[in-house]
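The structure appears below as structure tokens.
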Amino acid sequence: MRGPLGATLVLLAFSAHAQVPHGGAPIGWGSPSGHAAGIPSVALPALDRALLAQQEVDSPAVGFRYGVQRMLSVDVPEQGLWVNTTDDRRVCRLLIESPGAVMLSVQFSLFDLVPEARVYLYDRDRQRYLGGFTEQNELPDGTLATAVLPGDALVIELVEPAGSRASSLLQVGSLTHGYRDIFHFGEQGLLRDYDPGFQSAPCNVNVACPESAGWEQQIRSVAMFLRPDGNGCSGSLINSTAQQGQPYFYFANHCLVPATIGQWVFYFNYEAPGCVGTVGNTGQTVTGGVLRSAYFYDDFALLELLNAPPASYGVFYAGWDRSGAVPQSSAMIHHPNYDVKKFSRDDDPAVGYQDANGIKMWRTEWDVGVSQAVSSGAPLFDQNKRIVGHMTEGAYSCSDPQQNWAGAAKFSESWDGASAATRLRDWLDPANSTVTLDGFDPQNTPQPTLRVRLKAFLQGPYNSVALNMNGTLRASGLVPLTEPYTALGYAHVAGGGGETTTQAVLNLSGAASVVDWVVVELRNKNNAAQVLASRSALLLRNGSIVAADGSSDLAFQLPVDDHHIAVRHRNHLGIMTQNPQPVGTTAVLRDLTDGSVPLSGGAAATVNVNGVRLMPAGDATRNGQIKYTGGGNDRDPILTRIGGTVPTATAAGYHPEDLNLDGLVKYSGGANDRDVVLQAVGGTTPTAVRSAQLP
């Protein structure tokens with residue numbers, strides 16, 4: 001809104017890739033290791049919060065802001081402390097302090113990571129973190145801006161594979177020093193020196209209240225964005241006819257600072273879970289956009305987010321009406337005073353008028369809720385729940401309902417203009433043939449089919465001369481037509497289990513012929529112990545892992561996201577990617593044999609033969625450990641399988657004790673399976689134990 005602050009408080013007039021994290025956690029997160037002690041620091045001079053707040057009163061042009069931007073130049077790899085980890089990674093940490101802040105965000109002026117590197121940011125007390133951010137988060141201009149963290153200091157942690165030939169480029173150009181606790185970190189116990197900040201007016205209504213019933217979809221379209229200069233506004237995702245789900249974001253022109261759009265952070269689903277409450281989720285953010293159109297005299301702007309919010313955010317793309325018909329009732333969804341999402345409603349027809357700048361507006365007088373600063377840009381919906389404008393000006397009073405009015409610039413007036421850069425129709429309806437458009441809900445669309453392509457080798461059948469695996473089980477007719485893991489007690493999830501192949505597939509010979517069945521798992525990017533989906537698959541002699549038809553990539557019905565990828569075999573130790581991997585609808589080969597994809601546990605996860613990584617053989621008991629001696633060892637089951645008394649006896653068949661997969665269980669003699677166990681634990685110390693590096 002434009003106008004003075006005071007008894008009639010009004011909305012402010014403000015002169016990429018997604019910041020979606022790709023999973024993982026800082027080194028040692030949840031344990032005492034990794035605290036800020038001993039980490040080099042960069043400290044800025046202290047700022048006085050009270051003085052900053054007073055500046056807004058003394059100079060209205062400053063705006064109703066939550067913080068200020070502070071410029072600095074920090075080269076993280078050069079100035080940070082590097083240490084090596086036990087799982088073949090190296091870590092650089094640097095502490096940045098801005099005394100007097102209640103929250104901080106960072107704008108990286110250079111963000112160029114090596115493959116498999118990750119960046120995390122966390123508060124000094126290690127209570128909350130952002131990330132991991134990867135090379136996929138790099139914006140087109142080579143930068144990245146982050147969301148906020150509580151407190152006056154944060155740690156930047158850069159994690160790289162130990163074998164990286166080059167170091168990442170990571171430089172800080174500025175930070176935003178937040179002096180108002182707009183996210184109520186203090187109420188959550190995340191601030192030691194707590195400034196209570198402020199909340200919106202008490203007559204505002206949370207979106208979880210009964211008054212907003214029926215508006216659940218539209219609520220999911222609205223987001224708040226914060227600019228690095230310490231200001232922000234509300235706005236909404238909006239649907240288009242050409243491509244549903246195109247991440248267009250509609251808001252007010254007076255909130256626009258074109259030079260910094262790439263550093264804006266959009267907060268989705270920042271709302272209290274109940275009708276009473278001031279704390280919401282601040283973890284669902286997207287960074288950066290490209291301006292598509294804007295016009296001062298309609299006070300509108302439309303940008304396209306550099307990446308669509310992921311499916312896990314559950315967003316909605318609001319519909320619209322460009323007819324100019326008078327709304328018979330209206331509603332607004334917004335973030336007044338940077339507060340959790342609120343709902344306002346006018347049960348009467350809107351009234352058209354022109355503001356002081358000649359902008360054609362809808363005037364509403366609220367029956368539920370009010371509007372305040374930072375509500376600017378929030379969508380105004382008509383009785384059909386379609387956008388008909390966005391908030392620009394108004395006033396409120398909790399004690400005098402007659403003063404609760406707001407003005408919304410008309411959506412219909414922004415439809416046409418002199419060019420695509422000053423109108424909406426080229427972006428929202430290129431054919432210019434649609435007058436009203438309903439919203440789009442991605443949650444009502446089928447799950448995409450994710451494709452996974454892998455290469456892995458098993459130690460037992462591996463031939464270091466031929467650089468492939470033997471296919472003796474298949475040649476002997478022992479590989480079953482139905483996957484064996486369900487019968488062994490493995491609990492498949494999300495559609496896996498019961499896969500069957502054909503005899504024609506098993507009859508194929510050569511380098512692309514079958515070795516055995518394996519299981520492939522997609523695991524939660526933030527909790528590697530949680531399997532989200534699994535499939536039984538065929539492992540070929542050349543290391544390819546394919547679907548049961550013998551050639552296709554593996555298919556999973558899950559949202560596009562990052563996942564830890566694990567491979568398991570019935571008598572080899574399983575392996576898993578160290579970092580979550582982006583998995584989409586087009587398969588990308590991930591070779592787990594050559595070191596290009598780091599594995600959980602580092603070198604301990606595999607057996608290395610001439611530079612080739614092999615899944616360790618010898619887990620006859622299927623307990624995730626290989627033991628040669630002691631209770632629960634993997635040697636005794638071999639003897640039991642051949643009869644238990646005559647060590648020279650053998651047992652042919654498809655048995656878990658056949659550790660080299662030659663179709664014959666042997667305890668002694670050439671190519672026996674007992675020696676496989678000893679070799680897996682090191683070959684010299686029989687009491688040694690090798691464990692799978694899977695959580």
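Every read-out reported here was derived from the displayed coordinates using simple, explicitly stated rules and does not represent laboratory data. Being a predicted model, the structure only gives us computed values, none of them experimental. Cβ atoms come from the backbone with ideal geometry, glycine included; neighbour counts cover every protein chain shown.
A few notes on this one:
- Length-normalised contact order of segment 114-267 in % [C-alpha pairs under 8 Å, at least 6 apart]: 19
- Nitroxide proxy distance, nm - points 7 Å out along Cα→Cβ at Leu169 and Ser551: 4.4
- Close amide H pairs (under 5 Å, H built 1.01 Å from N) link Tyr295 with Phe300, residues at least 5 positions away or on another chain.
- Sites Val689 and Ala491, calculated FRET efficiency, Cβ-Cβ separation with R0 25 Å, nearest 0.05: 0.50
- Unpaired Cys in the chain, meaning no second Cys C-beta under 4.7 Å: Cys92.
- Shape category assigned to segment 403-512 from the gyration tensor of Cα positions, a/c cut at 1.5: prolate
- Electrostatic dipole magnitude of the chain [Cβ: Lys, Arg +1; Asp, Glu -1; Cα centre; debye, to 20]: 1740
- Here the Karplus relation 6.51 cos²θ - 1.76 cosθ + 1.60, evaluated at θ = phi - 60°, turns the backbone of segment 353-365 into coupling constants of 7, 10, 7, 5, 9, x, 6, 7, 10, 10, 9, 10, 10 Hz, with x for every Gly and Pro.
- Relative contact order (%) - criterion: Cα under 8 Å, at least six apart; region: segment 421-498: 12
- Within segment 134-196, the trypsin sites (Lys or Arg not before Pro) that combine a DSSP coil assignment with at most 13 other C-beta atoms in a 10 angstrom radius are Arg165, Arg192.
- Residues whose amide H comes within less than 5 Å of that of Ala162, counting only those at least five positions distant or on another chain, are Arg89, Arg90 (H built at 1.01 Å from N in the peptide plane).
- Euclidean distance between Cα centres, segment 328-384 to segment 589-638, Å: 62
- Taking 28 Å as the straight-line reach from the Cα of Lys342, the lysines in range (excluding those fewer than 8 positions away in the same chain) are Lys360, Lys385, Lys410.
- Fraction of antiparallel bridges per DSSP, the chain only, in percent to nearest 5: 95
- Karplus-derived 3J(HN,Hα) values for segment 343-349, using 6.51 cos²θ - 1.76 cosθ + 1.60 with θ = phi - 60°, are 10, 10, 9, 10, 8, 10, x Hz; glycine and proline are entered as x.
- Approximate spin-label separation Thr640-Gln530, in nm, with each point projected 7 Å along Cα-to-Cβ: 3.6
- Correct choice for semi-axes √(5λ) of the Cα gyration tensor in Å that was computed from the model, options [x] 48, 30, 24; [y] 57, 29, 20; [z] 42, 36, 22: [y]
- Prolate/oblate/rounded call for segment 272-421, Cα gyration tensor, a/c under 1.5 rounded: oblate
- Percent of beta bridges antiparallel (DSSP, segment 202-346, rounded to nearest 5): 95
- Around the amide H of Ser513, modelled in the peptide plane, lie the amide H atoms of Arg541, Asn542, all under 5 Å away and 5 or more residues distant in sequence or on another chain.
- For segment 214-231, 3J(HN,Hα) computed residue by residue from phi via the Karplus equation (6.51, -1.76, 1.60; θ = phi - 60°) reads x, 10, 4, 5, 4, 4, 6, 8, 8, 9, 9, 10, 10, 9, x, 7, x, 10 Hz, glycine and proline entered as x.
- Rel. contact order, % - alpha carbon contacts under 8 angstrom, at least six apart, segment 252-406: 20
- Gyration tensor verdict on segment 290-349 (Cα atoms; rounded if a/c is under 1.5, prolate if a/b is larger than b/c, oblate otherwise): oblate
- Full extension of the chain segment joining Asp367 with Asp112 gains 86.7 nm, where the gain is 0.36 nm per residue of separation less the Cα-Cα distance.
- Förster-model FRET efficiency, 22 Å R0, Ser509 and Val609, C-beta, rounded to 0.05: 0.35
- Helix-derived mean residue ellipticity, 222 nm - over the chain, DSSP H n ≥ 4, -39500 (n - 2.57), to 500: -1500 deg cm²/dmol
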